[in-house]
Amino acid sequence: MTSSRATNRAMFWRIIRRLFGANPGRLFVMLLALGAGAAVTAALLNLQVDAKRRLTTEFRAFGANVIVLPKHASLSGSETLPESTIPSVPRNLGNAPVTMTASLHVIATVLSPQSGKSLSAVVAGKNPRLIGWVAPANATSLAPLGSPAIPAGPICMVGGRIGEQLRVEQGSSITLSNGDQKETCVAAGLGESGGPEDDQIVTDVRAAQRLAGLPGRISLIELTVPGSPGEIQSYIADLQHRLPDVDVRPIRQFTEGEAKIYNRISGLLTATVGIVLVLTGLCVMAAMTNVAMERKMDVGLMKAIGGSMRRVLRLFLAEAALLGLAGGIIGAAAGIFLSIGLGKAVFGVAARPRLIVYPVTVAITIIVAIISAFPLRRLASIRPASVFRGEA
Amino acid sequence: MFLRIVADSFGRRPRHKLLTGAALALGMGVATAALSVSLDVGDRLAKEFRSLGANLLVTPQADSLPLEIGGVDYRPVNAGAYLPEADLPKLKTIFWHNNIIGFSPVLEVPIEAWSPASKSSLTSAVVGNSSLIGTWAQHKVTIPDGTTYVTGVRETNPWWDVKGQWFGEDSLQCVVGVNLSKRIGAKIGDDLNVSSGGHTKWVTLKVVGVLSSGGSEDDAVVVPISVAQQIAGKPGEYRKLYVSALTKPEDAFAKRDPKSMSADEFERWSCSPYVSSIAHSIKQVLPGADVRVIRRVAEGEGAILTRVRMLLWLVTGAALLAAALAVGASSAASVIERRTEIGLMKALGAASGTVGFLLAAEQLLLAFVGGGIGYALGIVLARLVGEKIFGAAPEPSLMVFFVIIALAAGVTILGSALPLRRASRYEPALILRGE
């Protein structure tokens, strides 16, 4: 009994081997269809997960989205926060860093000794290492650092419109004064941003504190929190819980706009990827079924020499599963490269391969291949003789 | 005879043709859906980005520097310059008038506000220093060509959330910021007194809504601009104008200085809806105004839009590739399986070229039918996606149709070409003997 089962099994695999070897052209075609489907499935699944995460990073192009203010901040802007608030702000959300800018605002008289002009302007003291917003490229290239003709001293970034009105040049020195307090610094250009920075002078936070006579105080902290809308919400709730004495607010213009856009884009991506995957599966299935239907002769022959339909079908399903496995593995391997290429092209960083994607892809491919072989069941009612006579 | 053979082939093996056709239709359906969505998505997404609000800011050229901290301007009313409100309808006459989604002028006045309803009305605790923001909620603008256009802060500041309702234009109504409303105890339906100096002269406004914006407006009173003009003594003038415009992401060309361009380049620049060229054309219709691009909004938008568009194009490319390979495989299979038939035809004296031509004609016929059905299927899918996500279906485009038909024809011919070439080398005798 056991030996006959063993013989049976040996025969089974032998037939399978022959089925593969019989027609290399057909084998190639089937592997091509299955492999193409699997490659696109793997690449898209990989990209879909990765793209959503990257999008939240892209949104940081808008700059700060959360702001920390003194509680009951009134319009006079005189309330301030102690600097000790800064270390208690968590600097990470998941794996992504939270960018932070602390600043102190003070209204001061700005004098340019070179042009003799002066005006009142808002001086924003920021910690230079923490300046979060992006200065235009020309600001750094024109900055006077390292040039010997320039007096050494602290640098202040002069907003585009102030620069115009004061006729300040790169590298000339300007004086900021508030009451008896005076600070001198070297001007660097900022260009136009269309935002409030155009009308501000940005300098070191210590200088602004001396000007305002408020050592160790800051007006507000701006945070650039990466992550999906839900993650940002929970970060805000957590921060408010940690710092009950301050007011933590989302900048709704950006948090709400981003949430809307994020939902649209990720919905679009999911829908597109879903449709492409379903249709690609159906398309592969149709192509495979077409091939399977050509196996009439084989089925007829097997039945003629005494194979039961169940066993014949099992043979073909095993063949299909093996094909699916092979096609799936080839496709998944191609999919790795495809998704690396796609990720690089879109985000400049290769999409991180997600290992779970590949077994899923291979499993889907095998299922598609097996389902495609099922129409062979229709051949159960076929009489072998009519196949050979060429009638069916 | 030729047509008869082709017709016979379809009639004799309907299920085969159906399956090959189905593979083609599904493959081309993928291609159509992906292509239509990515063609359409740029414009739709650009519109979505307008939920970030204005991307252009207009200020008077002769203005003094605003002393702005946390979004509140500390300048007195008589400092700085103003622009005439009467010029605003001209915004809808510029070349890019269809790209302008909305605009709202703003006039800010520092005021004191108190609520006569609360009992300790004149104690200093209840009198709140605040600022009055005069603007348009839903203002009807009469454009010089006779049509009217409704715009206001709803378009330029869509994140402003009003409980209750917006004020009516030109009426003595107001919307109170949520913080201020708590501070001075003014609720919807209450009266609110505002004064721009001293408690001797004031204007009484009816509170119709409570505004929450997450910004400095939470501490302000928002009124129709005509009321703010009257309180400030600046009839028909505004200080700032926010414009929200649909733009094309800026590329390297757009960032060049228009003054350094040649006439041709300048024409190309001003005929592309870059945010800078829209700013340029707004400046031409508003004399004395300085139009600035709000870089934070405009550049972030441009960067993300470019990325998303590219992402979708690549997904489309991958979908096209998969569809093409599967369809190609399907048509290759249908040729491979017909060896006996090819052998028979050759044995009866058909030249290899004739056989190839015959099979190619069959495949092409299938490609046109399958491609057509696939196009219809894809359009339906693209509509579903478009309506579900953007609430608007993409327009079926004739270009997509031709691309799809050409793709279907190309892919089937390519898929069958290789097996056909091999078939032309078959020895009829060997095949017919079954070897």
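Can you tell me, using C-alpha contacts under 8 Å and at least 6 residues apart, the relative contact order of chain B as a whole percent?
About 25 percent, as a whole number.
Local charge sum around residue B:219 (other residues, Cβ-Cβ under 15 Å, Lys/Arg +1, Asp/Glu -1)? Don't jump to the answer; show the numbers that get you there.
Working: positive: A:71, A:249, A:252, B:182, B:183; negative: A:79, A:247, B:68, B:73, B:108, B:112, B:217, B:218.
Net local charge, residue B:219 excluded: -3.
Full-extension gain between residue B:352 and residue B:256, please, as 0.36 nm times their residue separation minus the C-alpha to C-alpha distance.
Working: separation 96, 0.36 × 96 = 34.56 nm, distance 6.05 nm.
The span from residue B:352 to residue B:256 would gain 28.5 nm if fully extended.
Can you tell me the convex hull volume per residue for chain B, based on C-alpha atoms, in Å³ to the nearest whole number?
Taking only Cα atoms, chain B has a hull volume of 202 Å³ per residue.
For chain A, take the longest principal axis of its alpha carbons; what is the angle in degrees between that and the long axis of helix A:357-373, to the nearest 10 within 0 to 90?
Helix A:357-373 sits roughly 30 degrees off the main axis of chain A.
Which whole-number percentage describes the relative contact order of segment B:55-293, with Cα contacts under 8 Å and a sequence gap of 6 or more? Kindly include the intermediate steps, with their values, before the conclusion.
Numbers: 524 pairs, mean separation 70.3, N = 239.
The normalised contact order for segment B:55-293 reaches 29 percent.
Between the helical axis of B:398-424 and the dominant principal axis of chain B, each derived from Cα atoms, what acute angle in degrees is found, rounded to the nearest 10?
30 degrees
With everything on Cα atoms, drop me the angle between helix A:24-58 and the longest principal axis of chain A, reported from 0 to 90° to the nearest 10.
20 degrees
Which pairs break 20 Å Cα to Cα here: B:187/B:234; B:90/B:140; B:92/B:255? Before the final figure, lay out each step's value.
Details: B:187/B:234 29 Å; B:90/B:140 14 Å; B:92/B:255 25 Å.
Beyond 20 Å: B:187/B:234; B:92/B:255.
For residue A:199, what is the net charge nearby, where nearby means another residue's Cβ is under 10 Å from its Cβ and Lys, Arg count +1, Asp, Glu -1?
Details: positive: A:161; negative: A:197, A:198, B:63, B:68, B:73.
Around residue A:199, the charge tally is -4.
With charges only on Cβ, +1 for K and R and -1 for D and E, what is the dipole size of the protein assembly as shown about its Cα centre, in debye, rounded to 20? Kindly include the intermediate steps, with their values, before the conclusion.
Numbers: 82 positive and 62 negative charges, 1025 e Å.
Dipole about the Cα centre, nearest 20: 4920 debye.
Any idea what the dipole of segment B:55-293 comes to, in debye rounded to 20, about its Cα centre with Lys/Arg Cβ at +1 and Asp/Glu Cβ at -1? Mind dumping the intermediate values first?
Details: 22 positive and 25 negative charges, 69 e Å.
The calculation lands at about 340 debye.
Suppose every K and R has +1 on its Cβ and every D and E has -1 on its Cβ; what is the size of the dipole of chain A about the Cα centre, in Debye to the nearest 20? Could you put the intermediate results ahead of the total?
On the way: 39 positive and 24 negative charges, 659 e Å.
Dipole of chain A, to the nearest 20 debye: 3160 debye.
Taking the beta-carbon count within 10 Å as an exposure proxy, list A:272, A:365, A:109 from fewest neighbours to most. Write down the numbers at each step before the final one.
On the way: A:272 27, A:365 30, A:109 15.
Lowest to highest Cβ neighbour count: A:109, A:272, A:365.
Output the Kirkwood hydrodynamic radius of the protein assembly as shown, Cα pairs only, in Å rounded to one decimal. Numbers along the way, then the final one.
On the way: mean 1/r = 0.0316 Å⁻¹.
About 31.6 Å for the protein assembly as shown.
Sort B:203, A:66 by Cβ crowding within 10 Å, fewest neighbours at the top.
On the way: B:203 17, A:66 22.
Fewest-to-most Cβ neighbours within 10 Å comes out as B:203, A:66.
Which residue, chosen from B:236, B:174, B:371, occupies the Cα position most advanced towards the positive end of the dipole of chain B, where the dipole is computed from +1 (Lys, Arg) and -1 (Asp, Glu) charges on Cβ about the Cα centre?
Final value for the positive-end residue is B:371.
Choose one of B:258, A:336, A:244: the residue whose Cα lies farthest towards the positive end of the charge dipole of the protein assembly as shown (beta-carbon charges +1 Lys, Arg; -1 Asp, Glu; about the Cα centre).
A:336
Please report the equivalent ellipsoid semi-axes of segment B:55-293, computed as sqrt(5 x eigenvalue) of the Cα gyration tensor, largest first, in whole Å. Could you put the intermediate results ahead of the total?
Values: eigenvalues 270, 59, 49 Å².
So the three semi-axes of segment B:55-293 are 37, 17, 16 Å.
Order of B:16, B:97 from fewest to most other C-beta atoms within 10 Å? Walk me through the numbers before you get to the answer.
Working: B:16 19, B:97 16.
Fewest-to-most ranking of B:16, B:97: B:97, B:16.
Given contacts defined as C-alpha pairs under 8 Å and at least six residues apart, what's the relative contact order of chain A, whole-number percent? Mind showing how you got there, number by number?
Numbers: 611 pairs, mean separation 103.8, N = 392.
After rounding, I find 26 percent.
Past 26 Å, Cα to Cα, is the threshold; run B:259/B:283; A:126/A:260; B:248/B:283; A:344/B:248; A:126/B:259 against it and keep the listed order.
Exceeds cut-off: A:126/A:260; A:126/B:259.
Summarise the partner chain shielding of A:23-34 as one whole number: the mean count of Cβ atoms from other chains within 10 Å of each residue's Cβ.
5
Bear in mind these aren't lab numbers, they're just calculated from the coordinates by the rules spelled out. Treat the numbers as computed from the prediction; the structure is a model and nothing was measured. Because the Cβ atoms are built from the backbone with ideal geometry, glycine has one as well, and the counts that use them run over all protein chains shown.
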